[in-house]
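Please treat every number below as a calculation from the coordinates, not as lab data. Please read these numbers as outputs of a predicted model, since none were measured by experiment. Please note: Cβ atoms are built from the backbone with ideal geometry, for glycine as well, and neighbour counts cover all protein chains shown.
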Amino acid sequence: MNVENVTLESPIVVVGGGQAAASMIVKLRSLGDDRPVILLSDEPVAPYQRPNLSKKYLRGELALDDLMVRPQNWYAEHAVELRLGQKVEEIDRNAKSVRLADGSALTYGYLVFATGGEPRRLPAAIGGDLAGVYTLRDVADADVLAPLFTAGKRLLIVGGGYIGLEAAAVAAQSGMDVVLIEMADRILQRVAARETSDYIRALHQEHGVRILENTQLARIVGEDGVASHAELATGEKIAVDFVIVGTGIAPRTELAEQAGLTIDGGIAVDASCRSSDPAILAAGDCASFVWQGRRIRLESVQNATDQGEAVACTLAGQEVDYQPVPWFWSDQFDMKLQIAGLNTGFTHNVTRPGTREHAMSVWYYHDDKLLAVDAMNDAKSFMTAKRLLQKGLSPEPDFVSDPDSDLKSLLKG
Ligand SMILES: Cc1cc2nc3c(=O)[nH]c(=O)nc-3n(C[C@H](O)[C@H](O)[C@H](O)COP(=O)(O)OP(=O)(O)OC[C@H]3O[C@@H](n4cnc5c(N)ncnc54)[C@H](O)[C@@H]3O)c2cc1C
């Protein structure tokens, strides 16, 4: 390896230029840490926020500048070197160096993985490599997709998770003919209770989205290499203009794995966000950490932001014990879903009607412990739930499900 710039103070090198990377760097500078920082991203743009790629950006209501975590000149002003369009191909932990796709290399004092996730694609054998079959992860994907969202176009969405549902909502609002297929029994099965799935299914159906659950894709068939229709396992054929595959992501851990770091559902880090090599830390969608006794990985802006900041605090020499209260949101049509906590392993749930029309919250419990709340058009329930979870309080399910009970009273005292 031809190693560049072995300075007295080797820089903090960040692999990946998304939410977690930017949050880490902004926090580091706010702590007064002025060590050299180099950010290496394989995307050609400075760090930006992804959520609106499937919402307002896809609808053409926001520009890329509106998504930026910080304006591009902020980085130079804060002595952060952005190397964009640069893929990191290898880490040499003995030499403490990284090799880039162009063959160059640089040394690090500390290395931070903020590599995010890679969308799962359909296998080529069932049409995944046809033109007109897309995923939606980055701004380049959204830039290709946005002009296709025009009235009358026929869109098939494979996968009933949040990104697929959000894209379906934008498409239906654009006057498109939308079919969404989900192979599980119901949309959002992996992440939500039946009541939340039912609410969101009804919302989409009201807006004309055709949702087919318990339905497997057999293949996408092309004409002249371009997707023209989908064949379902039921034998039904659906004509399409294009397809979006929204079947989740896999954490981008391959570099860390090749470098011999411990991988456990993601790059395994401890409470201070250090990997199995103390000179290497990780944050965001690519990292797994122990939370309430089990190892988890979160895919959310909250986690990327907070864990990025936790990495900065560790690098600045602070004692860090990263124990977040997870939260997440999704916008579909005029519905805002806000989720506080994590419902994994819930044993039962209750629902609470909200005060506004179409407002509802779903409260998840493990025995008598409150785990999480999904709040649809119900910011009050979300805020209360978040604070209850922060305080470790669990209200009685009967109290919560009574629409006349005063949620705020739970936080008094
Ligand atoms: C369409 C969409 C909608 C979303 N909506 C919401 C929402 O409503 N609410 C919410 O909480 N979350 C949402 N999310 C999830 C949220 O955006 C992610 O959890 C968050 O972006 C994770 O940040 P990250 O920094 O870990 O990873 P990313 O933001 O994915 O950044 C990783 C970066 O690393 C780069 N990279 C990876 N490997 C290399 C390499 N070897 N060399 C150089 N660069 C590399 C990648 O190209 C990328 O730029 C959404 C995500 C998407 C895609």
What value in Å³ per residue do you get for the convex hull of the alpha-carbon atoms in region 334-411?
75 Å³
Please list the helices of the chain that count as membrane-span-like by this rule: a mean Kyte-Doolittle hydropathy of at least 0.0 together with Cα atoms stretching 24 Å or more along the helix axis, each helix being a complete DSSP H run.
none
Relative contact order of region 252-394 (C-alpha contacts under 8 Å, at least 6 apart) in percent is 14 percent
Give, in whole angstrom and from largest to smallest, the semi-axes √(5λ) of the equivalent ellipsoid of region 122-189, with λ running over the eigenvalues of the Cα gyration tensor.
18, 17, 12
Whole-Å semi-axes of the chain's equivalent ellipsoid (Cα gyration tensor)
36, 30, 18
Dividing the mean separation of Cα pairs under 8 Å (6+ apart) by the residue count of region 334-411 yields a relative contact order in percent of 31 percent
Magnitude of the Cβ-charge dipole (Lys and Arg +1, Asp and Glu -1) of the chain about the Cα centre, nearest 20 debye, reported as 460 debye
With both partners inside the chain, how many of the DSSP beta bridges are antiparallel, as a percent to the nearest 5?
60 percent
Across region 121-247, how large is the tail of the calculated P(r) beyond 26 Å, expressed as a percent of all Cα pairs?
14 percent
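If each DSSP helix of 4+ residues adds -39,500 (n - 2.57) and the sum is divided by the residues in the chain, what number results at 222 nm, nearest 500 deg cm²/dmol?
-6500 deg cm²/dmol
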Whole angstrom only: what separates the Cα centroid of region 20-79 from the Cα centroid of region 121-189?
26 Å
Report relative contact order for the chain in percent, whole number only (criteria: Cα-Cα under 8 Å, sequence separation at least 6).
15 percent
Hey, fewest Cβ within 10 Å first, where do Lys96, Lys408, Lys380 land in order?
Lys408, Lys380, Lys96
So for Ser23, Ser197, fewest C-beta neighbours within 10 Å to most, what's the order?
Ser197, Ser23
Selected from Gln318, Gln307, Phe289, residue furthest toward positive end of dipole (region 268-367; charges at beta carbon)
Phe289
What Kirkwood radius, in Å to one decimal, follows from the Cα pairs of region 206-339?
18.2 Å
Amide H contacts under 5 Å for Ile249, restricted to residues at least 5 apart in sequence or on another chain and with H modeled in the peptide plane, are Arg120
With Cα springs under 10 Å, the Gaussian network model of the chain assigns the largest mean-square fluctuation among Arg35, Arg297, Arg137 to Arg35
Based on other C-beta atoms within 10 Å, arrange Leu40, Leu28 from fewest to most.
Leu40, Leu28
Choice from Asn343, Asn52, Asn73 showing the highest fluctuation, given a GNM over the chain with Cα pairs closer than 10 Å
Asn73
Would you mind telling me which residue in Pro251, Pro71, Pro353 has the biggest mean-square fluctuation in a Gaussian network model of the chain, where springs connect alpha carbons within a distance under 10 angstrom?
Pro71
